[in-house]
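The values are calculated or read from the model by the stated rules, or taken from the named source; none is laboratory data. What you see is a predicted model; the values in this text were computed from it and never measured. Here the Cβ is made from the backbone with ideal geometry for all residues, glycine too, and neighbour counts use every protein chain on show.
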Amino acid sequence: MAKLISMFVVGLLLLAQSATAQEAKTFTPEELKTRTLERRAVDAVIWGVPIVSLDMMRQAYFRDGKAQYNDIIWWPKGATWKNQSLATNTIVRYVYFFSNTKKSGPVVFELPPAVSGSAGFYGTIMDSWQVPLTDVGVGGKGGKYLLLPPDFKGVVPTGYIPLRLKTYNSYTLIRSILASDSEEVVRTGDALVKKIKVYPLSKAAQPPQQNFIDMTGVLYEPAGPYSYDFYVSLARMLNEEPAQTKDMQMLGMLLPLGIEKGKTFDPDSGTRTVLNSAASEAHAWLLDGIGRVAAPWWPGEHWAIPSAPIGVKTTFLWQVPEYFDVDGRGITLADWFGPVSKLGGSSFYLATYFDSNGSPLQGANSYRLHVSANVPVKEFWSITVYDMATSALFRNADRLVVSSTDKGVQKNPDGSVDVYFGPKAPAGKEANWVYAAEGKNWFPWFRFYGPEKAAEDKSWRMPDIEKVN
């Protein structure tokens, strides 16, 4: 009897397997190839965001700034909407430069110390993958840094702060911060910027004159190309940089796309069509992601550090013992650029993507933010709005920011400030208003410069943005 039951059960299992096999979808070899290409192409974008975003910044540096490696491009009058870098601030004065140790060997970067009470710097040196190597200018300190290539085997000369990079290309982002906008302070700040030097170590005995390029009024467009061009940039950067052990598996998964180190990337028209579609899908996924992954800063509210939690936990190295957070890194660095080596050193940022009801912030509506009194900053605070689709400033906008440095900002009797957002300013509130384009979703960043303890221990609190129409 037991034998009959056993044979019956086996028969049922065989019948079930047969039915499952008959119901399983079949694919042609061409369909399988296309589906693999689509999946790998979407993952390639998510994985490649940091290095492609940095390459787009570099290409804009060459194209729009007419710069060469080690030249300094800067915005002495502050950024306008024409600086289309991700999440640009308009209050500080940006200073950028790119270096390539493959071409010039080790590179020297000299940063002068701050002028107490007038002007100073805060910035970060990072590699091609936007891995922060060190913050600079912290506490008003200057420094003489030496950027070393990945294959450097020589003796490091004395007198420098050596930084061993894992990539040949590097990017340095510096913020020139002024104590006020008085003519005297601006002159001091300008003179301090002009003391920055970047040159090959081979020319240290007689450094060349530093080339500064004024970007005032120049359209600087480093936006990530979420199209076939994304993969062109990715292939270019992978050919320029050493392959790192942690990336070997992904490099193998790029082979069906035609991306292989040491080889020319030149896919056929059919593959290009798939890549265009995949890049668009990946972009939509990345845009949707930042609102999902950013953890609320204050319980019950929507303000958050604009990063996947692992980024904050690891100070943007993205690796924990259990895994490397490729998704979190891609989502975060599609939203902004230039991660720091230490959070809260000279600045601290919060963002929100929703109003107090949990709805996306939309340009068709009007909103109000009540900035609580006594914002915990040694220097100043500011709030800036960005286009959700590009993470850049709205084009052709001239009301980009409200800041505690604005002389015309209206304060409430208790010292708090009400900030308004929308396509039009409320009557009489123009000085407290930031433009948001009608028909577009947007998000703000609230920046603390010189953050005090209450900013980071959450004892100071700011409510969510409220819809008022």
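Taking the stretch 190-215 as the search range and keeping residues that are of a type in the set (D, E, K, R) and part of a helix (DSSP H, G or I), which one is nearest to S118 (Cα to Cα)?
Result: D190.
So which residues in the stretch 177-186 are surrounded by fewer than 17 Cβ atoms within 10 Å (Cβ to Cβ) and within 13 Å of A114 (Cα to Cα), if there are any at all?
V185
From the list P207, P222, exactly one residue is surrounded by 17 or more Cβ atoms within 10 Å (Cβ to Cβ), within 24 Å of Y168 (Cβ to Cβ) and modelled with pLDDT of 95 or more. Which is it?
Working: P207 fails: surrounded by 17 or more Cβ atoms within 10 Å (Cβ to Cβ).
Exactly one residue qualifies, and that residue is P222.
Out of the stretch 73-83, which residues are buried (at least 21 other Cβ atoms within 10 Å of the Cβ) and either touching a helix residue (DSSP H, G or I) at 6+ places or on another chain (Cβ under 9 Å) or among the small types (G, A, S) (or both)?
Our first condition is that a residue be buried (at least 21 other Cβ atoms within 10 Å of the Cβ); within the stretch 73-83, this holds for 73-75, 79, 83.
If the condition is that a residue be buried (at least 21 other Cβ atoms within 10 Å of the Cβ) and either touching a helix residue (DSSP H, G or I) at 6+ places or on another chain (Cβ under 9 Å) or among the small types (G, A, S) (or both), then I73, W74, A79 are the ones that fit.
What tally of residues in the stretch 415-444 results from selecting those that are surrounded by fewer than 21 Cβ atoms within 10 Å (Cβ to Cβ) and in contact (Cβ under 8 Å) with a residue 60 or more places away in the chain?
7
State which residue is surrounded by the most Cβ atoms within 10 Å (Cβ to Cβ) when the search covers only the stretch 187-204 and only residues that are in contact (Cβ under 8 Å) with a residue 24 or more places away in the chain and farther than 30 Å from E240 by Cβ. Let's see the steps before the verdict.
To start, the set of residues in the stretch 187-204 that are in contact (Cβ under 8 Å) with a residue 24 or more places away in the chain comprises 188-190, 192-193, 195-202, 204.
Checking the rest, the ones that are also farther than 30 Å from E240 by Cβ come to 188-190, 192, 195.
Working: T188: 17, G189: 24, D190: 16, L192: 21, K195: 12.
Only one residue tops the list, namely G189.
Yes/no per residue for (1) in contact with a Lys or Arg (Cβ under 7 Å, 6 or more places away or on another chain); (2) among the hydrophobic types (A, V, I, L, M, F, W, C); (3) under 25 Å from L219 (Cβ atoms):
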{"position": "W47", "(1), (2), (3)": "no, yes, no"}
{"position": "I51", "(1), (2), (3)": "no, yes, yes"}
{"position": "Q59", "(1), (2), (3)": "no, no, yes"}
{"position": "A67", "(1), (2), (3)": "no, yes, yes"}
{"position": "D71", "(1), (2), (3)": "no, no, yes"}
{"position": "T88", "(1), (2), (3)": "no, no, yes"}
{"position": "Y94", "(1), (2), (3)": "yes, no, yes"}
{"position": "F97", "(1), (2), (3)": "no, yes, yes"}
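How about the stretch 18-123: which strands (runs of 3 or more DSSP E) wholly inside it have at least 2 residues that are among the aromatic types (F, W, Y) and in contact (Cβ under 8 Å) with a residue 40 or more places away in the chain? Before you say what the answer is, go through the steps one by one.
Details: elements: 72-74, 93-100, 107-111.
Fully inside the stretch 18-123 and qualifying: 93-100.
For the subset of the stretch 369-408 comprising residues that are touching a helix residue (DSSP H, G or I) at 6+ places or on another chain (Cβ under 9 Å) and closer than 15 Å to W433 by Cβ, which member is surrounded by the fewest Cβ atoms within 10 Å (Cβ to Cβ)?
G408
Checking the structure you have, find out if any residue of the stretch 321-338 is within 24 Å of V138 (Cα to Cα), surrounded by fewer than 20 Cβ atoms within 10 Å (Cβ to Cβ), outside the structural domain of N89 (by TED's automatic domain parsing) and in contact (Cβ under 8 Å) with a residue 24 or more places away in the chain.
no
For the stretch 84-100, what are the residues that are surrounded by 23 or more Cβ atoms within 10 Å (Cβ to Cβ) and closer than 16 Å to A436 by Cα?
T88, N89
Residue check, R164 against (1) surrounded by 19 or more Cβ atoms within 10 Å (Cβ to Cβ); (2) in contact with a strand residue (DSSP E or B) (Cβ under 9 Å, 6 or more places away or on another chain), all met but one. Which one?
Condition (1) is where R164 drops out.
G311: within 14 Å of the chain's Cα centre (by Cα) and either outside any helix (DSSP H, G or I) or closer than 20 Å to L287 by Cα (or both), yes or no? Step through it out loud before you land on a result.
On the way: within 14 Å of the chain's Cα centre (by Cα): yes; either outside any helix (DSSP H, G or I) or closer than 20 Å to L287 by Cα (or both): yes.
Yes; evaluated as a whole, the condition is true for this residue.
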